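The values are calculated or read from the model by the stated rules, or taken from the named source; none is laboratory data. Note that the structure is a prediction, hence the values are computed from the model and not measured. Cβ atoms come from the backbone with ideal geometry, glycine included; neighbour counts cover every protein chain shown. The area values use the complete protein model at the heavy-atom level, side chains included, leaving out ligands, DNA and RNA. Shrake-Rupley method; radii C 1.70, N 1.55, O 1.52, S 1.80 Å.
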Amino acid sequence: MSSPVIVSAPGKLVVLGDHAVVYGYPAIVTAVGQRLRVTAELRDEPVLVLDAPDVRIEAYRKPMLKLGSGQIDKGARVIEFALRRLRDDGILKTGVSVKTSSEFSAQFGFGSSGASAVCVIAAVLQLVQGRIDHRKVFDLAYQSVKDSGSSGSGIDLAASVFGGLIYFVIGGKVIEPLKVGSMQFVIGYTGVKVDTGTIVAEVKERAKQYPKVIDSIFASIAALVNAGREAAKKGDLRTFGEMMNFNQGFLEALGVGSAKLAAMIYAAREAGALGAKLSGAGKGDCMIALAESDNPPSPSAVAKAMADKRLRRAGRQAISDNITKAGGQVIDIPCNVEGLKLES
Ligand code: PMV
């Protein structure tokens, strides 16, 4: 047994370019401030011992030679494939004990499984090589989720590894941190848990059925993502918000909206959000809104702005209140947070 290492990584929300990113178009993602933590240590016997209480896994054992085959508990799948990749690449030659703990619920769609692949790989690299190379962690994690049969873009992994706000192209062909000042997002959960793989497959079916229509939607999404990237670089939040609103229209066109998401999105816009859209696969999970400022304006400032026929400005609180009124659950956590980190 070695001495244990602890690493943590954040979850994510896609801000622009959801779905189109699976087809090679760019997207923008933010790391969200709830973290997954992994404690790992090497074992002499060639076996994985896994404890993941958040997904009800206790003292799960699997010989290293059988990783990714035979009976795989759903909650252990991502970790088995991450370790199998490390074994097959000759990086991990012993057994390993892994314990996970999560600050966030798997139900929100923040990418807890991606964050666990990232953390397990980083922890093993630290244990056997004494250092963590972030790009290597991303590449190994992306390869391992592909090994497990996922056709995802890897955008969740990029956010977990690198943190912040990132412009991303599938498989990490581009991973460009967007240096922005303050960007205040408000997150609302619909209460409806969705399966990303199922919805990605539905969009794939539509793309097969109506290739010209869907291709032109994806091309428009790419254009708005690129405009969002430029706006973010200039700190032009108003344009960034407009791009979120355009994006919502195209996501509706792809068939991944829902009445509940729409109600929460309109509620956020009515409270003055600069932009609001669903985030991720759609049909449930979360929506994300961009607030102009952290501080709600005073009622007299709002009245004056309205009298001046200026656009109403609103901060997080007004948007949060309206999302709650529309039946959403506001998840009050920061965005653009730090990525993968060695804790001890
Ligand atoms: O449903 P989520 O939040 O895991 O987001 C998935 C984002 C998609 O673009 C729909 C899929 C992908 O792999 O990029």
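Listed here are the residues, each with its yes/no results for (1) at negative phi; (2) away from the ligand (no atom under 12 Å from the Cβ); (3) open to solvent by less than 60 Å² (accessible area, probe 1.4 Å).
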| site | (1), (2), (3) |
| --- | --- |
| K173 | yes, yes, no |
| V180 | yes, yes, yes |
| T196 | yes, no, no |
| A201 | yes, no, yes |
**Study point:** Selected residue (only one of F108, F138 is under 21 Å from the mean Cα position of the chain (by Cα), closer than 30 Å to D332 by Cα, among the hydrophobic types (A, V, I, L, M, F, W, C) and open to solvent by 10 Å² or more (accessible area, probe 1.4 Å))
**Key:** F108
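Condition check ((1) surrounded by fewer than 18 Cβ atoms within 10 Å (Cβ to Cβ); (2) closer than 21 Å to E338 by Cβ) across all residues:
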site	(1), (2)
R35	no, yes
E58	yes, no
K62	no, no
K66	yes, no
Review point. Considering K233, K212, K208, K146, which residue is in contact (Cβ under 8 Å) with a residue 24 or more places away in the chain, surrounded by fewer than 19 Cβ atoms within 10 Å (Cβ to Cβ) and not hydroxyl-bearing (S, T, Y)?
Key: K233
Check your understanding: Do we have K277 as open to solvent by 20 Å² or more (accessible area, probe 1.4 Å), among the basic types (K, R), at pLDDT 95 or above and closer than 25 Å to G109 by Cα here?
Key -> no
Point to revise | Long-range neighbours under 8 Å by Cβ, at least six apart or interchain, first residue among the acidic types (D, E) within the range 261-280, second surrounded by 24 or more Cβ atoms within 10 Å (Cβ to Cβ) | key: E270/N322
Review point. Can you tell me which residue in the range 14-26 is farthest from S160 (Cα to Cα), limited to those that are hydrophobic (A, V, I, L, M, F, W, C) and more than 7 Å from the ligand (Cβ to nearest atom)?
Key: A20
Practice item. Would you check if I72 is modelled with pLDDT under 95 and either over 30 Å from G241 (Cβ atoms) or not in a loop (DSSP other than H, G, I, E, B) (or both)? Key: yes
**Study point:** Unmet criterion (only one of (1) in contact (Cβ under 8 Å) with a residue 12 or more places away in the chain; (2) closer than 22 Å to K193 by Cβ; (3) in a helix (DSSP H, G or I); (4) within 16 Å of the ligand (Cβ to nearest atom)) for I288
**Key:** (3)
Point to revise | Residue selected from the range 149-164 under the condition touching a helix residue (DSSP H, G or I) at 6+ places or on another chain (Cβ under 8 Å) and open to solvent by 30 Å² or more (accessible area, probe 1.4 Å), by the criterion farthest from the ligand (Cβ to nearest atom) | key: F162
**Study point:** Entirely in the range 149-253, the strands (runs of 3 or more DSSP E) that have 3 or more residues that are among the hydrophobic types (A, V, I, L, M, F, W, C)
**Key:** 165-169, 184-189
Review point. Can you tell me which residues in the range 291-344 are among the hydroxyl-bearing types (S, T, Y), part of a loop (DSSP other than H, G, I, E, B) and modelled with pLDDT of 60 or more?
Key: S344
Practice item. For A31, indicate whether it is within 16 Å of the ligand (Cβ to nearest atom) and in contact (Cβ under 8 Å) with a residue 12 or more places away in the chain. Key: yes
